[in-house]
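Before any comments, here is the structure.
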Amino acid sequence: MSSTMPMYQLKPVCGGDVQIDLPTCMYKLPKVHAQQGSSCIASSCSEHALQNGELDPAVKALEARQDEILRKLYELKAAVEGLAKTVTTPDADLDVTSLSSQSSSFTMLKGSTDLDTLLGKDLGALRDIVINANPAQPPVTLLVLHSLLCQRYQVLSTVHVHSSVSSVPPQLLSCLGPRHPDSYARHLFQLGFTLIWKDVPKLEMKFSVRNMCPIEGEANVARFLYKLLAPFPSDPAVATLVDSWVDTAFFQLAEGSTKERAAVLRALNSALGRSPWLAGPEFSLADIACYCCVSRRGSAPAAPANVQRWIKSCENLGHFSPAKLLLQ
């Protein structure tokens, strides 16, 4: 059987070896660093320079325009970062700007504080402190601190009810006082205080989700708010004493057994027999926390003599009126 033959054959269309120049790059450009090109560049640059070596006024004007554009861009960036707080701060409707600090006189608390240092630089949005609290456990201590903040700063106070709560007593809706007549002009205020009644297991405060994590617990939030009023004592011993009384108030007076509360009342009576206030001669956060926790548990009528005198001294200040009305 014969071998298989191809179906057809074609003759070569080009004869011999053909040399084809293949390109080594996609496209070619003339050399700009050649001797002739460099002389052209030098001649063109010389047109923008004066004989004394200074830049041409047109170049100076262009640089000044560039600096001005960069300055406006930085200002725009700062404004956008300020407006970003209105988006990233949860559970609050923030807006507009805040004014420079105009602190009012406050004689009970010693020292001064700087909002920019504690809360960050004002970038164009109202610095709003948002607190989520359970209406079953009203934060009485924060009401006293709110009253003190209103004497130190221009505070925009608002109360809201979260959808997780079915109903809130009227006294809780008005616990921060009547609505400010200028509440629509948020730029008139230095600080925002927003209280949201919400079904949460533990009180929490949210200020800026970008710069700080939420603060949980009434004692910790009270420490934060008090720093807006006055710095903690510089003496480590006094600062430790204040912290100790705050922990005692919230863990033993507020949540302890009957025996623990009785022991704390005896300790209060002993401390108040040596000084007018719990941490010495000056009013402090320890007095606010202990007063609120004693009143909350109904221990005031049966308290010892020194504690009774101290309770009257606290109530004479006037800052405890919101807490007293809420506890009645």
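The values are calculated or read from the model by the stated rules, or taken from the named source; none is laboratory data. These figures come from a predicted structure and were not determined experimentally. All Cβ positions, even for glycine, are placed from backbone atoms using ideal geometry, and neighbour counts span all protein chains on display. Heavy atoms of the whole protein, side chains included, go into the accessibility calculation; ligands, DNA and RNA do not. Shrake-Rupley method; radii C 1.70, N 1.55, O 1.52, S 1.80 Å.
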- State, as an integer percentage, the relative contact order of segment 180-222 based on alpha-carbon contacts under 8 Å between residues 6 or more apart. 26
- Query: Dipole size in debye (nearest 20) for segment 162-271 around its Cα centre, Lys and Arg Cβ +1, Asp and Glu Cβ -1?
  - Reply: 200
- Message: Need one value: the accessible area of Val307 in square angstrom, 1.4 angstrom probe, rounded to the nearest 10.
- Response: 0
- Message: Given points 7 Å out from each Cα along the Cα-Cβ axis, report the Lys11 to Glu255 separation in nanometres with one decimal.
- Response: 10.5
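Kindly sort Trp310, Trp277 by accessible area of their heavy atoms, largest first, with the probe set to 1.4 Å.
Values: Trp310 0, Trp277 30 Å².
If we order Trp310, Trp277 from most to least accessible, we get Trp277, Trp310.
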- Taking a quarter of the surface of the convex hull around the Cα atoms of segment 236-325, what do you get in nm²? 5.3
- Message: Students often check this: by mean Cβ neighbours within 10 Å, which of 292-300, 315-323, 179-187 ranks highest, and how do the rest follow?
- Response: 292-300, 315-323, 179-187
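What order do Leu126, Leu73 take when sorted by accessible area (1.4 Å probe), most exposed first? If you can, show how the numbers build up before the last one.
Working: Leu126 5, Leu73 95 Å².
So the residues, ranked largest to smallest area, are Leu73, Leu126.
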- Environment charge of Gln308, counting only residues whose C-beta is closer than 14 Å and scoring Lys/Arg +1, Asp/Glu -1: +2
- Message: Using the Karplus curve 6.51 cos²θ - 1.76 cosθ + 1.60 with θ = phi - 60°, what ³J(HN,Hα) values do you get for each residue of segment 154-164, in whole Hz, with x for Gly and Pro?
- Response: 7, 10, 9, 9, 9, 10, 10, 10, 6, 5, 6
- Query: Roughly what would the spin-label model give for Glu81 and Asp247, points 7 Å off Cα along C-beta, in nm?
  - Reply: 3.7
- Binned Cα-Cα distances of segment 115-229, short to long, each 5 Å bin given as a whole percent: 2, 11, 23, 26, 21, 13, 4, 1
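Provide the FRET efficiency to the nearest 0.05 for the Lys72-His187 pair, computing r from the beta carbons and using R0 = 22 Å. Intermediate results must be reported in sequence, preceding the final value.
Values: r = 22 Å, r/R0 = 0.99.
About 0.50, to the nearest 0.05.
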- Query: What is the extension gain from Arg65 to Cys25, computed as 0.36 nm multiplied by their sequence separation minus the C-alpha to C-alpha distance, in nm to one decimal?
  - Reply: 10.4 nm
- Per residue, how big is the convex hull around the C-alpha atoms of segment 180-264? Give it to me in cubic angstrom, could you? 169
- Sorted by accessible surface (1.4 Å probe, heavy atoms of the protein chains only), largest first, Asp199, Asp247, Asp21 come out as Asp21, Asp199, Asp247
- Query: What is the local net charge at Arg261, summed over the other residues whose Cβ is closer than 13 Å to its Cβ (Lys, Arg +1; Asp, Glu -1)?
  - Reply: +2
- Give me the distance in nm between label points sitting 7 Å out from Cα along the Cα-to-Cβ direction at Val161 and Ala58, one decimal. 7.1
- The long-range amide H neighbours of Ser157, using H built 1.01 Å from N in the peptide plane and a cut-off of under 5 Å, are His180, Phe193
- Task: Report Glu75's accessible area, 1.4 Å probe, all protein chains in place, as a number in Å² to the nearest 10.
- Result: 100
